[in-house]
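One structure below.
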Amino acid sequence: MQSGESLPLWTVVAQNDAADSGNEIHDDTVARQYGFEGGLVPGITVYGYMTGPLVAAFGPEWLDRGGMEFRLRRPVYEGETVRVRAEVTRRDTARSEVEIVVRNAADEVCALGTGWMLADPPERGETLPPRRALPEERWPAERRSFEREPVLGSVESVWKEERISAYLEQMQDPNAVYRDGVAHPAWILRLANLVVDRSVAVNPWIHVSSSVQNLRRARAGEVVETRARVLDLFEKNGHEYVDLSIGMTARPVDAAPEDAVPILRGEHRAIYKPRRKGEPGAAR
């Protein structure tokens, strides 16, 4: 690949794979109360579409030393044809970068991102958020909850072999590496949403942006632990936002948590209290 080169166009028909989740922003009726046309296709799913051309171009190694920074600009809805265009903007001995644009059928920009691939494995010395048990009862979705409890409860999940075919069909991702039991990056990053949902009674809430550095691919059967701590809290246009530092580790099921190895670090931004349609866009 050379700087200025376009990667093959990646086209999918968007799937709302969270319509029956606990987050009602993915439900048509609730989403309309917040000014949307219908239930939102999860931002994590859109991120998954954006990873497709990167893994196709850089190979499975992108899951070990690649990364992406992206933001969601416009909702994607169930059944829309989504086109992912990617162009190489940097190519040198240390790092390659690709600008990514997601557009809907009306040619509106829905998401923007920069993906990268490092020539050498990334440094793993950065400290991950601490481990913490999940609360017995979720905290209220209020600013004071995040201020009082800046470290969220940790969540453990396992990518199971029996899920692979159905998940890849839904993601419409033909990259062969996932057929060998490697966890899809959209499934991995979805755990950052789960760690919020299991600690705080957010509903509905909206994923806005993320920046992730992959450190190692995760495989089926491994225990993936997700940790998070609050970096910042702010209000904008009547929405309440939280910025989180996230970190994930993986280990065999029979290994102790302290023997786990880091697989991802990054930051995650969400609106934990969106403004309803018709409410003033002023500070609380």
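The values are calculated or read from the model by the stated rules, or taken from the named source; none is laboratory data. This one's a predicted model, so the numbers in the text were calculated from it and none came from an experiment. Counting neighbours? That spans all protein chains shown, and the Cβs are built from the backbone with ideal geometry, glycine included.
Summary of computed values
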{"read-out": "From the options Val41, Val46, Val55, residue that is surrounded by 21 or more Cβ atoms within 10 Å (Cβ to Cβ), farther than 24 Å from Val202 by Cα and of a type in the set (Val, Ile, Thr)", "value": "Val55"}
{"read-out": "Test: residue in the range 137-151 that is acidic (Asp, Glu), out of contact with any Gly (no Cβ under 8 Å at 6 or more places or on another chain), loosely packed, with under 15 Cβ neighbours inside 10 Å and closer than 18 Å to Ala270 by Cα", "value": "yes"}
{"read-out": "Residue within the range 235-242 that is out of contact with any strand residue (DSSP E or B) (no Cβ under 7 Å at 6 or more places or on another chain) and without any contact (Cβ under 8 Å) to a residue 40 or more places away in the chain present", "value": "yes"}
{"read-out": "Residue check for Val55: among the β-branched types (Val, Ile, Thr), at pLDDT below 95 and part of a helix (DSSP H, G or I)", "value": "no"}
{"read-out": "Filter pass, Asp64 being in a loop (DSSP other than H, G, I, E, B), in contact with a strand residue (DSSP E or B) (Cβ under 9 Å, 6 or more places away or on another chain), of a type outside the set (Ser, Thr, Tyr) and at pLDDT 95 or above", "value": "no"}
{"read-out": "Count - residues of the range 1-31 that are β-branched (Val, Ile, Thr) and surrounded by fewer than 19 Cβ atoms within 10 Å (Cβ to Cβ)", "value": "4"}
{"read-out": "Test result for Ala256, of a type in the set (Gly, Ala, Ser) and within 17 Å of the chain's Cα centre (by Cα)", "value": "no"}
{"read-out": "Candidate set: the range 12-46, residues that are of a type in the set (S, T, N, Q), part of a helix (DSSP H, G or I) and under 22 Å from Val196 (Cβ atoms); chosen: the one modelled with the highest pLDDT", "value": "Thr45"}
{"read-out": "The range 74-120: number of residues that are modelled with pLDDT of 95 or more, touching a Lys or Arg at 6+ places or on another chain (Cβ under 9 Å) and hydrophobic (A, V, I, L, M, F, W, C)", "value": "13"}
{"read-out": "Single unsatisfied condition, Glu169 versus (1) of a type outside the set (S, T, N, Q); (2) buried (at least 17 other Cβ atoms within 10 Å of the Cβ); (3) within 16 Å of Gly48 (Cβ to Cβ); (4) free of Cβ contacts under 8 Å to residues at least 40 places away in the same chain", "value": "(2)"}
{"read-out": "Residue selected from the range 71-95 under the condition part of a strand (DSSP E or B) and surrounded by 22 or more Cβ atoms within 10 Å (Cβ to Cβ), by the criterion nearest to the chain's Cα centre (by Cα)", "value": "Leu72"}
{"read-out": "Residue match in the range 196-216 (condition: touching a strand residue (DSSP E or B) at 6+ places or on another chain (Cβ under 7 Å), of a type in the set (Val, Ile, Thr), closer than 22 Å to Arg65 by Cβ and crowded, with 22+ Cβ neighbours inside 10 Å)", "value": "yes"}
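Listed here are the residues, each with its yes/no results for (1) modelled with pLDDT of 95 or more; (2) of a type outside the set (Phe, Trp, Tyr); (3) more than 27 Å from Gln15 (Cβ to Cβ).
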{"site": "Leu128", "(1), (2), (3)": "no, yes, yes"}
{"site": "Ala133", "(1), (2), (3)": "yes, yes, yes"}
{"site": "Glu136", "(1), (2), (3)": "yes, yes, yes"}
{"site": "Ser145", "(1), (2), (3)": "yes, yes, yes"}
{"site": "Pro150", "(1), (2), (3)": "yes, yes, yes"}
{"site": "Val155", "(1), (2), (3)": "yes, yes, no"}
{"site": "Val158", "(1), (2), (3)": "yes, yes, no"}
{"site": "Glu161", "(1), (2), (3)": "no, yes, no"}
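Condition check ((1) buried (at least 19 other Cβ atoms within 10 Å of the Cβ); (2) among the aromatic types (Phe, Trp, Tyr); (3) in contact with a strand residue (DSSP E or B) (Cβ under 6 Å, 6 or more places away or on another chain)) across all residues:
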{"position": "Ala218", "(1), (2), (3)": "yes, no, yes"}
{"position": "Leu244", "(1), (2), (3)": "yes, no, yes"}
{"position": "Thr249", "(1), (2), (3)": "yes, no, yes"}
{"position": "Pro252", "(1), (2), (3)": "no, no, no"}
{"position": "Glu258", "(1), (2), (3)": "no, no, no"}
{"position": "Ile263", "(1), (2), (3)": "yes, no, yes"}
{"position": "Glu267", "(1), (2), (3)": "no, no, yes"}
{"position": "Glu279", "(1), (2), (3)": "no, no, no"}
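So that you can scan it fast, the table gives a plain yes or no per residue for (1) assigned to a helix (DSSP H, G or I); (2) of a type in the set (A, V, I, L, M, F, W, C); (3) modelled with pLDDT of 95 or more; (4) within 18 Å of Thr51 (Cβ to Cβ):
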residue: Arg217; (1), (2), (3), (4): no, no, yes, yes
residue: Ala228; (1), (2), (3), (4): no, yes, yes, no
residue: Asp232; (1), (2), (3), (4): no, no, yes, no
residue: Val242; (1), (2), (3), (4): no, yes, yes, no
residue: Glu258; (1), (2), (3), (4): yes, no, no, no
residue: Pro262; (1), (2), (3), (4): no, no, yes, no
residue: Arg269; (1), (2), (3), (4): no, no, yes, no
residue: Ala282; (1), (2), (3), (4): no, yes, no, no
